[in-house]
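Read the structure below first, then the notes.
The values are calculated or read from the model by the stated rules, or taken from the named source; none is laboratory data. Please read all numbers here as calculations on a predicted model, not as lab measurements. Positions of Cβ are generated from backbone atoms using ideal geometry, with glycine treated the same way; all protein chains shown enter the neighbour counts. Ligands, DNA and RNA are excluded from the accessible area calculation, which covers all protein heavy atoms including side chains. Shrake-Rupley method; radii C 1.70, N 1.55, O 1.52, S 1.80 Å.
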Amino acid sequence: MAATQRTGFPQLTHRPEWTALADHRAEGRPHLRELFAQDPGRAERYVVRVGDLYIDYSKHLITDETLALLQELATATDVFGLRDAMFRGEKINVTEDRAVLHTALRAPRDAVIEVDGENVVPKVHAVLDTMARFADRVRSGEWTGHTGRRIRNVVNIGIGGSDLGPAMAYEALRPYTARELTFRFVSNVDGADLHEATRDLDPAETLFIVASKTFTTIETITNATSARSWLLRAFDGDDKAVAKHFVALSTNAGKVTEFGIDPDNMFEFWDWVGGRYSYDSAIGLSLMIAIGPDRFREMLDGFHLVDEHFRTAPAEANAPLLLGLLGVWYGDFFDAQSHAVLPYSHYLSKFTAYLQQLDMESNGKSVQRDGRPVEWQTGPVVWGTPGTNGQHAYYQLIHQGTKLIPADFIGFARPAGELSGELRAQHDLLMANFFAQTQALAFGKSAEEVRAEGVAEEQVAHRTFHGDHPTTTILAGEPTPSVLGQLIALYEHKVFVQGAIWNIDSFDQWGVELGKVLAKRVEPALTEGADVPGLDPSSKALVAAYRTLKNA
Ligand code: F6P
């Protein structure tokens with residue numbers, strides 16, 4: 001049995017380090033206002049710099065003692081031991097008996113990382129090189145469609161990790177993209193998604209990238225099949241067109257061929273790359289076409305920089321470790337149920353949606369690595385949208401509601417490249433909001449301060465802000481490809497740290513299987529009115545109502 005299964009690992013809540021944290025929490029601590037008044041130096045001390053990232057965790061509900069106790073928990077749960085096993089290529093995904101090596105996808109050419117005795121780094125770079133050649137041909141117009149016209153539209157069809165990464169990064173790096181090309185991302189099995197993505201495109205100028213690790217995902221295969229029909233309608237059913245307009249990104253060459261895509265047009269990756277950790281594998285092909293191979297490699301270097309930091313930085317200055325521990329502190333000792341990620345960059349509009357899969361599919365688990373149930377909280381609900389929009393929607397609840405919502409504020413000192421004139425000047429206003437929010441959340445506004453403004457007594461309570469809301473501030477120069485890679489790797493490893501502490505397998509996703517199976521069973525009832533044996537009474541009544549409405 002693999003050591004990384006951690007059979008019989010001590011129950012987390014029985015560990016003395018856990019009890020010490022619970023006692024420490026029960027003792028209480030001063031309000032953030034007092035913590036800063038007593039120790040202004042925490043503003044500089046509780047900062048960690050990684051690459052281009054300046055990470056300030058001073059506005060957390062912690063003292064030096066809290067940090068020391070959290071570090072003891074990390075040591076007791078052997079976070080770094082599991083980390084080293086991951087980097088070494090051991091099969092730490094125990095329920096699927098797989099290595100977890102997204103870090104190999106961004107390792108330099110001369111690195112040696114072995115899975116089952118084989119160095120995987122040369123394979124990684126061979127695929128990256130093939131992707132680069134293909135991306136250059138599309139970008140230059142050398143790769144043409146069936147009628148010889150150049151490709152002007154790229155449509156990525158995938159879902160989950162085969163969609164969210166490239167779609168998010170395309171938005172994040174828009175200023176770096178080939179503006180003369182159109183990029184669309186289709187994921188939903190709702191036909192409206194593909195319809196809207198293709199309705200104004202010319203099939204002769206459109207390339208479909210079918211992205212699916214397994215090449216069995218029903219949404220992706222259905223959309224890809226419909227896209228092929230759309231294409232072939234334009235070419236009188238001449239299926240020779242497929243070779244020029246369809247490429248595949250997958251680990252499953254058999255299924256790709258079965259679908260009708262030439263294996264020469266397949267870009268490979270491997271089962272040791274998890275879906276939600278895959279966008280710097282072949283799954284990033286659409287992004288590479290958009291930003292070009294050099295920028296793509298800059299992004300990979302950004303990932304690698306943080307991988308190296310996580311692998312080598314001492315515990316007290318290890319950013320993913322610190323952020324992971326802070327999440328455990330709130331989730332397990334304050335009963336915080338959610339975690340907000342609030343990027344103050346329009347280009348990062350899909351960043352939090354991307355993190356939702358990364359975090360919630362990884363750590364939304366309730367059994368330990370060896371199958372015992374957990375008796376503690378695991379992954380939080382991750383949510384958020386770009387500032388300042390959220391300020392005029394849900395920030396009210398963060399400021400004055402009854403729930404504790406730790407939040408990450410991500411901002412940039414300079415706007416992304418293209419902005420100029422008055423639009424560039426708006427950046428300081430954006431960032432003034434950014435700093436105002438973390439200030440208000442931490443320090444609030446006392447009743448005395450409200451009264452001093454002459455507010456009528458019956459209004460005072462309504463206008464008081466308790467403050468003491470924890471936030472992390474992450475600042476960088478601008479959202480470059482490298483910075484994006486650094487940010488994503490930071491969150492990947494934070495999620496890893498938490499999974500290690502909670503003793504769960506962060507790399508499987510059995511929780512999505514049941515819905516898939518049931519959807520397959522129910523579909524004939526919707527399309528043909530077929531009887532579904534064993535269907536529960538509620539679903540049966542709903543299916544009947546659906547069919548009545550459908551046929552009305
Ligand atoms: O949601 C389950 C899941 O397996 C994800 O982990 C994955 O990213 C997604 O489906 C898509 O899978 P595939 O790339 O195999 O189509």
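Summary of computed values
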item: Region 153-254, accessible surface, carbon-and-sulfur percent (1.4 angstrom probe); result: 46 percent
item: C-alpha long axis of helix 79-88 to longest principal axis of the chain, angle in °; result: 20 degrees
item: Nonlocal amide H pairs with T182, under 5 Å, H built at 1.01 Å; result: N153, V154
item: R0 of 25 Å, Cβ-Cβ distance A43-W376: FRET efficiency to nearest 0.05; result: 0.20
item: Per-residue ³J(HN,Hα) for region 364-375, Karplus 6.51 cos²θ - 1.76 cosθ + 1.60, θ = phi - 60°, Hz, x for Gly and Pro; result: x, 10, 10, 10, 7, 4, 9, x, 6, x, 7, 10
item: Check: the chain dipole with +1 on Lys, Arg Cβ and -1 on Asp, Glu Cβ, in debye; result: 920 debye
item: Percent RCO, i.e. relative contact order, over the chain, from Cα pairs under 8 Å lying at least 6 residues apart; result: 19 percent
item: Cα→Cβ-extended label distance, 7 Å offset, between A530 and D294, nm; result: 5.5 nm
item: Rel. contact order, % - alpha carbon contacts under 8 angstrom, at least six apart, region 26-159; result: 9 percent
item: Links that overshoot a 24 Å alpha carbon limit, given the list K445/K494; K123/K240; K213/K350; K255/K350; K59/K445; result: K445/K494; K123/K240; K255/K350
item: Length released on extending from R15 to Q396, taking residue separation times 0.36 nm less the Cα-Cα span; result: 133.4 nm
item: With every protein chain in place, region 433-552: carbon and sulfur % of accessible area (1.4 Å); result: 60 percent
item: Accessible surface of region 1-128, 1.4 Å probe, proportion on carbon and sulfur as whole %; result: 51 percent
item: For the chain: accessible area per residue (Å², 1.4 Å); result: 42 Å²
item: Linear extension gain, D301 paired with A234, 0.36 nm per residue minus alpha-carbon span; result: 20.0 nm
item: Cα→Cβ-extended label distance, 7 Å offset, between S446 and D264, nm; result: 7.6 nm
item: Acute angle (nearest 10 degrees) that the helix 16-27 long axis makes with the longest principal axis of the chain, alpha-carbon atoms; result: 60 degrees
item: Solvent accessible area, Å² - W270, 1.4 Å probe, full protein context; result: 20 Å²
item: Centre separation in Å (Cα based) which lies between region 376-437 and region 107-142; result: 36 Å
item: Two-site FRET efficiency, V517 against L404, from Cβ-Cβ distance with R₀ of 51 Å, rounded to 0.05; result: 0.85
item: Computed [θ] at 222 nm, deg cm²/dmol, the chain (DSSP H ≥ 4; -39,500 (n - 2.57); rounded to nearest 500); result: -14000 deg cm²/dmol
